[in-house]
Amino acid sequence: MLIVKDLKVEVEGKSILKGLTMEVGAGEVHAIMGPNGSGKSTLSHVLSGREGYEVVGGSITLDGEDLLALSPEERAWKGLFLGFQYPVAIPGLNSSVFMREAVNAQRRSRGENEYDAMDFLAIAREKMKLLKMDESFMTRAVNDGFSGGEKKRNEIYQMALLEPRLAILDEIDSGLDIDALRVVSDGINKLRSADRSLIMVTHYQRLLDYVVPDYVHVLSGGEIVRSGGRELALELESSGYGWLEKEPAAV
Amino acid sequence: MVATQASADNRTAFQQQFENRKPHLPGDAEVRERAMQQLLTTGLPDRKTERWRYTRINSLLKQPLEPAQKPATTTATDRQPLLDSLNSGSGAPLLVFQQGYFCAELSRLEGLGEIQFKPLAAALESGAVMLPEAADGRDRAFDQLNTALVADGGWLQLPAGKHPLITIVVLSGSAAETSYWRLLVTAASHCEAELAIIYADSEADQETDGKAYQLNSSIDLDLAPNAQVSLSQLQQQGEQAFQVSSLRANLQRDSSFKSHVLTLGGAISRDDVDIDLAEAGAHVEFDGLQLTNGRQHADLHLTLEHAAPNCTSQVSHHGLFGDHGRGVFNGRVHVHPGADGTDSQMSSKNLLLSDRAEIDAKPELEIYADDVKCAHGCTVGDLNRDELFYLRSRGLTEQDARALLLSAFAAASFATLGGHWGEYVANAVTKKMEQLSHE
Ligand SMILES: Nc1ncnc2c1ncn2[C@@H]1O[C@H](COP(=O)(O)OP(=O)(O)O)[C@@H](O)[C@H]1O
Ligand SMILES: [Mg+2]
């Protein structure tokens, strides 16, 4: 469903992704691992349409459609979701208001009826249970004063509400203690399904003990240098990233 | 200082108003005489008055408007829907003033409970209270005028204990005149009270109102030890109005004062907020919001006197300016010698929605104590790109994302106002935001 071909991306004239190729089929879970600065977040951002990145070569298609021609919201309407490595806090914006607007925007785009406040509340409650979130969360401002763990939980909650077909989770495990990691991974596992693909971006293999991927790719210096099954992650854990640094990571 | 011809003239005009009005004014005449004398000596703000640098009012004062007279007794007003919406069966007290004069017919005193209220005229006549001395200086001319000319307003004594919200509606006349209004409040030890003030004109339909009128509002508030008071002011004047408001709060030991100044209406508005953290452990939270468009001009001058040890203050100002809208924010924190352990935070965040909009925001810190934590920040710009992307990545169009973020930006400044009042404020802001983003 997602095909990335020979993707070359520059940021402020600096080459970050240097010909990245990967393919994700329906229902598959892919892990992208790599040292800091290898371009993992760059890939996540380019997939979701963040500005500031220049695609200088290659292509990205989702179900045959050119993703790069679409705005971020159009990509969301096609079922793409990004779980942010650093979700922003927005004081004054009520979490429930935001998510109801988001869910309804997506429903509108598909020609479906919008949820009213009551409908939404019922659905939101159910999804919050999935993530073991407190009801008080509904009345709080988006990520405002949230702990690192709460922010990441909130990302998965949003994913649960938006029911994407392809979710890219950028270091969803960073900043989580072991309990929070369990809750978040449980949530992700419950959201796995035959028609939902996942790209898990992570620095550490720890997450992959909980959310077991079908494929693992190693990103280094802006390219995928190795791909394999889940055992590749374990291998990386014991040997570290040192072995792949033919050239030092550009930082 | 050499007075210009114009200001010398309008001083005389104000003096004439005072002489005409004096025989009918309630209470001690001497404090009024002294206030008038201060005005005659120092004059009105002009181009060289530092605290009025960005707010030019010369043309407004060239021919001073006459002070409003007490309106004929009335039980009906175009503002009835507003009053009803504020009351909405809550049974909470409502104090209504017209042209600065207390209007018993439109007010509801039943819910006041233990709270003592008197119209200011009656309180001054009875000698129960005196007008405080007006502050010195050209920049305080409107305080001096209020002290000299004000005929009515309110006097509130808040005893210990928790009280219901008191809503106060100050309606200006829409005739070309100046309404003077004064509120004196004392909050006893261990009192918990909330005051909500709305300024509006007496005609419901602001869009069609083309008349220039003025309101001079002045509030004095004393917080006894451990008192907790919240006072929020929402300004929704007509588009030709000139409003000057001053608020002085004196905070004794361990008292806590939360205050909002939310400016949506008026052609020119000026707020002077002076908070004196006079005794140890006092705490202030202040939120200012300015939303202007058209040719509106809103000016907020805030001064915090950290005069005692271990006091804390949090000041947050938000400005949103569209079209030719202008804003001025001056936030001064003065930490006196010996005010050790002061913790003061101030921020001013501003969004300019058009090339012609303008904000002059200036924090001023003066610190003469040790062991002090003071932080201040000031930003001016457009919406945050990361926030916009976050919303769009969830499926909101750029336009919807912008609208939501603008509302959130404004909402951050009244997030702590709950209940019916919070909703009223939110609706008023939403309505104003629609005007702002449709230009
Ligand atoms: N906005 C930016 N401006 C300049 N350099 C950037 C920007 N974003 C990322 N980079 C650079 O791109 C490289 C890859 O960054 P990133 O994609 O965040 O890596 P990762 O997520 O794998 O840690 C790094 O060298 C980083 O410094
Ligand atoms: Mg990253």
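The values are calculated or read from the model by the stated rules, or taken from the named source; none is laboratory data. Just so it is clear, the structure is predicted and the values come from calculations on it, not from any experiment. Note that we place each Cβ from the backbone using ideal geometry, even for glycine, and neighbour counts take in every protein chain shown. Just so you know, the surface numbers come from the protein's heavy atoms only, side chains and all, with ligands and any DNA or RNA stripped out. Shrake-Rupley method; radii C 1.70, N 1.55, O 1.52, S 1.80 Å.
The share of C-alpha pairs in the stretch A:74-154 whose separation exceeds 21 Å stands at 31 percent. Show me, for the stretch B:316-327, the HN-Hα J-couplings you get by feeding each phi into the Karplus relation (A = 6.51, B = -1.76, C = 1.60, θ = phi - 60°), rounded to Hz, glycine and proline as x. After applying 6.51 cos²θ - 1.76 cosθ + 1.60, I find 9, 10, 10, x, 10, 10, x, 6, 9, x, 10, x Hz. Close amide-amide hydrogen proximity is noted between A:Val216 and A:Ala31, A:Gly228, A:Gly229, each under 5 Å apart and 5 or more residues distant or on a separate chain (H modeled in the peptide plane; Pro and chain starts excluded).
Show me the chymotrypsin sites (Phe, Trp or Tyr not before Pro) within the stretch A:159-221 that DSSP assigns to loop and that have at most 16 other Cβ atoms within 10 Å of their Cβ. Working shown, then result.
Numbers: sites: A:Tyr204, A:Tyr210, A:Tyr215; in loops: A:Tyr204.
Passing sites in the stretch A:159-221 are A:Tyr204.
In the stretch B:404-423, the residues whose accessible area drops by at least 20 square angstrom when the other protein chains are added to the isolated chain are B:Leu404, B:Ala408, B:Ala412; the probe is 1.4 Å and only protein heavy atoms count. Accessible area per residue (1.4 Å probe, heavy atoms of protein chains only) ranks B:Ser393, A:Ser147 as A:Ser147, B:Ser393, with the largest value leading.
What FRET efficiency would be calculated for the residue pair B:Gln16, A:Ala89, taking the C-beta separation as r and a Förster radius of 35 Å, to the nearest 0.05?
Values: r = 57 Å, r/R0 = 1.63.
So, using R0 = 35 Å, E works out to roughly 0.05.
FRET efficiency for the pair A:Asp186 and A:Glu23, taken as 1/(1 + (r/R0)^6) with r the Cβ-Cβ distance and R0 = 25 Å, rounds to 0.35. Here the Karplus relation 6.51 cos²θ - 1.76 cosθ + 1.60, evaluated at θ = phi - 60°, turns the backbone of the stretch A:135-141 into coupling constants of 4, 4, 4, 4, 9, 7, 7 Hz, with x for every Gly and Pro.
Over all projection directions, the Cα-based convex hull of chain A averages an area of 13.3 nm².
Just list whichever of A:Lys8/A:Lys132; A:Lys8/A:Lys127; A:Lys40/A:Lys190; A:Lys152/B:Lys373 have alpha carbons separated by over 30 Å in the model shown. Please list the in-between numbers first.
Numbers: A:Lys8/A:Lys132 40 Å; A:Lys8/A:Lys127 37 Å; A:Lys40/A:Lys190 25 Å; A:Lys152/B:Lys373 32 Å.
The pairs that break the limit, which is 30 Å between Cα atoms, are A:Lys8/A:Lys132; A:Lys8/A:Lys127; A:Lys152/B:Lys373.
How would B:His283, B:His420 line up by accessible area, probe 1.4 Å, largest first? Numbers along the way, then the final one.
Working: B:His283 45, B:His420 80 Å².
Ranked from most to least accessible, the order is B:His420, B:His283.
Think of a 1.4 Å ball rolled over the protein heavy atoms: the stretch B:96-164 then has 38 Å² of accessible area per residue. Under the convention that each Lys and Arg Cβ holds +1 and each Asp and Glu Cβ holds -1, the size of the dipole of the protein assembly as shown around its Cα centre is about 440 debye. Summed over both chains, the accessible area lost when A and B associate is about 2100 Å², using a 1.4 Å probe.
Exposure check, 1.4 Å probe, all protein chains in place: A:Ser136 carries approximately 60 Å² of accessible surface.
Need one value for A:192-205: mean number of C-beta atoms belonging to other chains within 10 Å of its residues' C-beta atoms. The partial results should precede the final answer.
On the way: counts 0, 0, 0, 0, 0, 0, 0, 0, 0, 0, 0, 0, 0, 0.
For this peptide, the per-residue mean of nearby foreign Cβ atoms is 0.
Taking 28 Å as the cut-off for C-alpha to C-alpha distance, list the pairs among A:Lys151/B:Lys349; B:Lys70/B:Lys362; B:Lys118/B:Lys432 that go past it. Violating the 28 Å limit, Cα to Cα: B:Lys70/B:Lys362; B:Lys118/B:Lys432.
Between amide H atoms placed 1.01 Å from N, distances below 5 Å from B:Lys258 occur with B:Val229, B:Ser230, B:Leu231, B:Glu285, all of them 5 or more places distant or on a separate chain.
Counting only Cα atoms, the size of the protein assembly as shown along its three principal axes is 96, 51, 46 Å, in decreasing order.
Full-extension gain between A:Thr61 and A:Arg226, please, as 0.36 nm times their residue separation minus the C-alpha to C-alpha distance.
Length difference between fully extended and current span is 57.2 nm.
The simple Förster model, with R0 at 41 Å and r as the Cβ-Cβ distance, assigns B:Lys70 and B:Glu366 a FRET efficiency of 0.40. Taking amide H as placed 1.01 Å from N in the peptide plane, the amide H of B:Gln116 sits under 5 Å from that of B:Gln157, each at least 5 places away or on another chain. Ordered from highest to lowest accessible area with the whole protein assembly present and a 1.4 Å probe, A:Glu235, B:Glu66 read as B:Glu66, A:Glu235.
Computed about its Cα centre, the charge dipole of the stretch B:361-434 is approximately 340 debye, with only Lys, Arg, Asp and Glu carrying charge at their Cβ. Place a point 7 Å from the Cα of B:Asn384 along the Cα-to-Cβ direction; which residues of the stretch A:116-151 have their backbone N under 14 Å from it? The answer is A:141-146.
Here the gap between B:Glu423 and B:Ala160, fully extended at 0.36 nm per residue and compared with their Cα-Cα distance, gives a gain of 91.9 nm. For the stretch A:69-101, no residue has its backbone nitrogen under 12 Å from a point 7 Å from the Cα of A:Lys5, taken along Cα to Cβ. Sequentially through the stretch A:181-188, phi angles give Karplus couplings (6.51, -1.76, 1.60; θ = phi - 60°) of 4, 4, 4, 5, 5, 4, x, 4 Hz, Gly and Pro residues having no value and appearing as x.
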